[in-house]
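All of the numbers you see were taken from the coordinates with simple rules; none came from a lab. Given the structure is predicted, the values throughout are model-derived calculations rather than measurements. Every residue, glycine as well, gets a Cβ built from its backbone with ideal geometry; the counts of neighbours run over all protein chains shown.
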Amino acid sequence: MVRMIVAVFVIMMLAVPVFAAETVTYEKDIKGIVANRCLVCHGPQSPTMEEFKKDEEGYKKKMKGPRYDSYKSLIVVVKGSDAGALMRRLDDGKNTKDGKPGNMYTYLGSTDAERSANLETFKKWVGSWTLKKKKELSKKELEAIKASEK
Ligand code: HEC
């Protein structure tokens, strides 16, 4: 009996770090991808979301999207006031009616393999991948979006 309890305890001790290592977080996994693949156009030289919304056409011409150089600014397009925008832009289109990828999908990598690997990481981070717009998302669906910082 005691041996069984010890065995169960040891298994638990071994399993916890394995599960913990699998959680995809902004700090550990997403920040680096964004830095490599997105900040050329969404970095410190880019407008904040509010500035961007005031002159979307002007910024588009300059190839500048809103700034995503912090967790706080990125989360807005994941589960904030513009929830789902990140998912719609990054989706590969494989599960949509028209089959078209989002227009930021191409920036996820320089090869198909890199793009799909990075998309997988984003999907794990978001937890509940949805292409719905903020107003179509129920409270429950919003809560299912994880996108944790640490
Ligand atoms: C070559 C420049 C460039 C790169 C690289 C780039 N983007 Fe963009 N992005 C833009 C521009 C310009 C816009 C605004 C025009 C538009 O909506 O398509 C935009 C718009 C967006 C939007 C929608 C913003 C809104 O609310 O309207 C999201 C989300 C986004 N990008 C995410 C990303 C992510 C994530 C990456 C990295 C994988 C990325 N982008 C890489 C230029 C870029």
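Among 126-134, 98-106, the peptide with the highest mean count of other Cβ atoms within 10 Å heads the list, and the full ranking is 126-134, 98-106. Against the main long axis of the alpha-carbon atoms of the chain, helix 2-22 sits at an angle near 10°. For Asp29 and Lys123, the difference between the fully extended length at 0.36 nm per residue and the C-alpha to C-alpha distance is 32.7 nm.
Listed values for the stretch 130-138 are Karplus-derived 3J(HN,Hα) couplings in whole Hz (6.51 cos²θ - 1.76 cosθ + 1.60, θ = phi - 60°), namely 9, 9, 6, 7, 3, 6, 8, 7, 7, and x replaces Gly and Pro. A crude spin-label estimate for the pair Lys61 and Glu143, with each label 7 Å from Cα along the Cβ direction, gives 4.6 nm. The local environment of Pro47, defined by Cβ-Cβ distances under 10 Å, has a net charge of +1 under the rule Lys, Arg +1 and Asp, Glu -1.
Beyond 18 Å in Cα-Cα separation lie the following of the pairs Lys100/Lys134; Lys28/Lys139; Lys31/Lys133; Lys79/Lys146; Lys62/Lys132: Lys100/Lys134; Lys28/Lys139; Lys31/Lys133; Lys62/Lys132.
According to the square roots a ≥ b ≥ c of the eigenvalues of the Cα gyration tensor, what is the shape class of the stretch 21-144, taking rounded for a/c under 1.5, prolate for a/b larger than b/c otherwise, and oblate for the remainder?
rounded
Binning the alpha carbon pair distances of the stretch 52-97 at 5 angstrom intervals from zero yields the distribution 5, 19, 21, 24, 20, 10, 2, expressed in whole percent.
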